[in-house]
Amino acid sequence: MNYWAVVPAAGVGRRMQAGLPKQYLLLNGRRVIDWTLEVLLAEPRIRGVYVALGAEDPFWESCEHAGHPRVRRVAGGEERAHSVLSALLALETEAAPADRVLVHDAARPCLRPEDLSKLLELASGEAGGLLAMPVRDTMKRADAEGRSETTLDRSRIWHAFTPQLFPLATLRDALEQALAAGVAVTDEASAMEWAGNRPRLVEGHPDNIKITRPGDLELAGFYLQKRNA
Ligand code: C5P
């Protein structure tokens, strides 16, 4: 089985309220995206990593991994799903339809190598899979006024993380068709579900956070420091 990775990194990260996109913020002295790419590049089964970047991205060239022989740069798109699709179309020029693609957010620098490895082992089937975690808190659905309308059955609710792993051609078709149908595609699994698949939920560690808001950077820094100590 051949594996490739796609890293969407074309977002501007407005919720971070920082001067630059979150994937380029410094985290324990290193850019967020460099921590992310290091974990993917350390996995010998991954043949190449396609990084989707914004138009006129002035930061990428200064990253440690910009010139890495297994890293290729492609143009991202308007939303995350467009960035992923753009990378998949570029990947198709060198990969086979049945090759497996891992899609992993640039903004998730704390992925553990053992979780990545577990995903490759458990989700390489046709329907693919994703790292995820069962929710811990009681989950509510709100009404339009922000009042609690009902309590959900939390035994079946999970947080969806990345990486998400799927066969290249199946994922490309699902994303293209879901986007054309106007479906909200917030992760690859949502497009795969929409196309009738049931991706496998592979339990990962809760420290695989996505840098989203101020404060997340500090938490990610703590996790990485603890791990490297
Ligand atoms: O904004 P959000 O947290 O959902 O972004 C998740 C990942 O998708 C980030 O790594 C971001 O750079 C990427 N992204 C992208 N293209 C966009 C929007 C977000 O590659 N148009």
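The values are calculated or read from the model by the stated rules, or taken from the named source; none is laboratory data. Worth saying up front: this structure is predicted, and the values here are computed from it rather than measured. Positions of Cβ are generated from backbone atoms using ideal geometry, with glycine treated the same way; all protein chains shown enter the neighbour counts.
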Given (1) surrounded by fewer than 21 Cβ atoms within 10 Å (Cβ to Cβ); (2) within 12 Å of the ligand (Cβ to nearest atom); (3) touching a residue at least 40 places away in the same chain (Cβ under 8 Å), index of the condition Leu20 fails: (3)
Residue selected from the range 171-222 under the condition out of contact with any Lys or Arg (no Cβ under 7 Å at 6 or more places or on another chain) and among the polar types (S, T, N, Q), by the criterion farthest from Gly11 (Cα to Cα): Asn197
Cβ pairs under 9 Å, 6+ apart, first in the range 147-160 and in contact (Cβ under 8 Å) with a residue 24 or more places away in the chain, second assigned to a helix (DSSP H, G or I) and surrounded by 10 or more Cβ atoms within 10 Å (Cβ to Cβ): Ala160/Ala189; Ala160/Ser190
Residues that are in contact with a strand residue (DSSP E or B) (Cβ under 7 Å, 6 or more places away or on another chain) and either part of a helix (DSSP H, G or I) or surrounded by fewer than 21 Cβ atoms within 10 Å (Cβ to Cβ) (or both), drawn from the range 109-124: Asp115, Leu116, Lys118, Leu119, Leu120, Leu122, Ser124
Test: residue in the range 43-52 that is out of contact with any helix residue (DSSP H, G or I) (no Cβ under 7 Å at 6 or more places or on another chain), small (Gly, Ala, Ser) and within 16 Å of the ligand (Cβ to nearest atom): no
Condition check for Arg45: out of contact with any His (no Cβ under 8 Å at 6 or more places or on another chain) and closer than 15 Å to Phe161 by Cβ: no
Single residue of the range 74-93 satisfying the filter (of a type in the set (D, E, K, R) and under 14 Å from the mean Cα position of the chain (by Cα)) that is nearest to Tyr3 (Cα to Cα): Arg80
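Yes/no per residue for (1) among the hydroxyl-bearing types (Ser, Thr, Tyr); (2) in a loop (DSSP other than H, G, I, E, B); (3) in contact (Cβ under 8 Å) with a residue 24 or more places away in the chain:
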| residue | (1), (2), (3) |
| --- | --- |
| Met1 | no, yes, yes |
| Leu37 | no, no, yes |
| Glu43 | no, yes, yes |
| Arg47 | no, no, yes |
| Ala55 | no, yes, no |
| His65 | no, yes, yes |
| His68 | no, yes, yes |
The one condition in (1) within 15 Å of the ligand (Cβ to nearest atom); (2) within 24 Å of Ala174 (Cα to Cα) that Glu92 fails to fulfil: (1)
Test: Asp105 is at pLDDT below 95 and either within 16 Å of the ligand (Cβ to nearest atom) or surrounded by fewer than 17 Cβ atoms within 10 Å (Cβ to Cβ) (or both): no
Extreme residue, surrounded by the most Cβ atoms within 10 Å (Cβ to Cβ), among residues of the range 23-39 that are away from the ligand (no atom under 13 Å from the Cβ) and of a type in the set (A, V, I, L, M): Leu27
Filtered residues of the range 53-88 (kept if exposed (fewer than 13 other Cβ atoms within 10 Å of the Cβ) and either more than 13 Å from the ligand (Cβ to nearest atom) or aromatic (Phe, Trp, Tyr) (or both)): Glu56, Pro58, Glu61, Ser62, Gly67, Pro69
All positions within the range 184-218 that are within 15 Å of the ligand (Cβ to nearest atom), assigned to a helix (DSSP H, G or I) and farther than 13 Å from Ala132 by Cβ: Ala191, Asp216, Leu217
